[in-house]
Amino acid sequence: MIPETTGPAAVIVLAAGAGTRMKSRIPKILHEIGGRSMVGHALLAARSINPGRLALVVRHERDLVARHLNGLDPEALIVDQDDVPGTGRAVEVAVHALDAQEKLAGTVVVTYGDVPLLTGSLLADLVATHERESNAVTVLTALLDDATGYGRILRGDDGSVTGIREHKDATEAERLIHEVNSGIYAFDAEILRDALVHITTDNSQGEKYLTD
């Protein structure tokens with residue numbers, strides 16, 4: 001039996017990427033900022049909202065990253081992503097692993113291991129908004145002058161979010177949108193579980209996008 005907490009049911013931290021643009025010999029998330037690794041900052045923010053469980057998805061330099069994570073948070077669940085690429089697949093394997101312990105119910109937060117400036121208070125606000133409004137999913141967005149490379153937030157006439165379009169799949173009109181996806185979400189566990197089975201790799205990157 002997983003003990004009850006006052007926070008979300010789980011936080012999933014995505015830490016499987018190679019971070020190739022940094023051209024570093026060590027994984028991006030292990031680089032230090034302010035005396036703490038990037039993923040260390042992410043874990044600190046995640047733990048500050050008192051989740052019932054914490055899972056970290058790894059792949060690139062798996063053993064090196066896993067040793068670092070175990071040193072930071074021995075109680076966190078380390079989950080291996082398989083050869084299917086994409087954030088959707090990363091979350092899918094994490095949900096499967098958490099369900100194998102005990103079926104998830106309630107709010108599931110998804111965040112990244114390379115967002116060292118993300119604060120626990122911002123995550124707490126995300127969860128509070130999500131639960132207060134009884135949303136299926138709540139996404140943290142940002143407005144950027146130059147949104148190149150980011151997934152764009154698509155909204156309907158009533159202002160509600162209707163979709164997220166990855167930059168490489170966006171039309172010219174969609175690329176003019178300045179509101180972007182941070183990649184940080186709060187989900188209803190049951191709805192997330194049901195949605196994950198419908199994600200495919202039918203896109204320009206051949207990946208399972210969580211945004212689908």
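Note on the stretch 58-144: along the principal axes its Cα atoms extend 39, 32, 26 Å, ordered by decreasing extent. Here the gap between K168 and D99, fully extended at 0.36 nm per residue and compared with their Cα-Cα distance, gives a gain of 21.6 nm. All Cα-Cα distances of the stretch 139-212, cut into 5 Å bins from zero to the largest, leave 3, 15, 24, 25, 20, 10, 3, 0 percent in each bin in turn.
With each label modelled as a point 7 angstrom along the Cα→C-beta vector, the D158-T200 pair spans 2.9 nm.
Of the two radii for the chain, the radius of gyration is 0.94 times the Kirkwood radius, both from the alpha carbons; that is the Rg over Rh value. For the chain, averaging the sequence separation of C-alpha pairs within contact (under 8 Å, six or more residues apart) and dividing by the residue count gives a relative contact order of 24 percent. The Rg/Rh ratio of the stretch 34-105, with both radii computed over alpha carbons and Rh defined as the Kirkwood radius, is 0.96.
Rounded to the nearest 0.05, what FRET efficiency do R67 and E131 have when you use their Cβ-Cβ distance and R0 = 41 Å? Calculated value: 0.70.
Restricting the calculation to Cα atoms, the stretch 105-165 shows an Rg/Rh of 0.97 when the hydrodynamic-style radius is the Kirkwood one.
Values in this text are rule-based calculations from the coordinates and carry no lab data. Predicted, not measured: the structure shown is a model, and the values here were computed from it. Methodologically, a virtual Cβ is constructed for each residue, glycine included, from the backbone with ideal geometry; neighbour enumeration extends over all protein chains shown.
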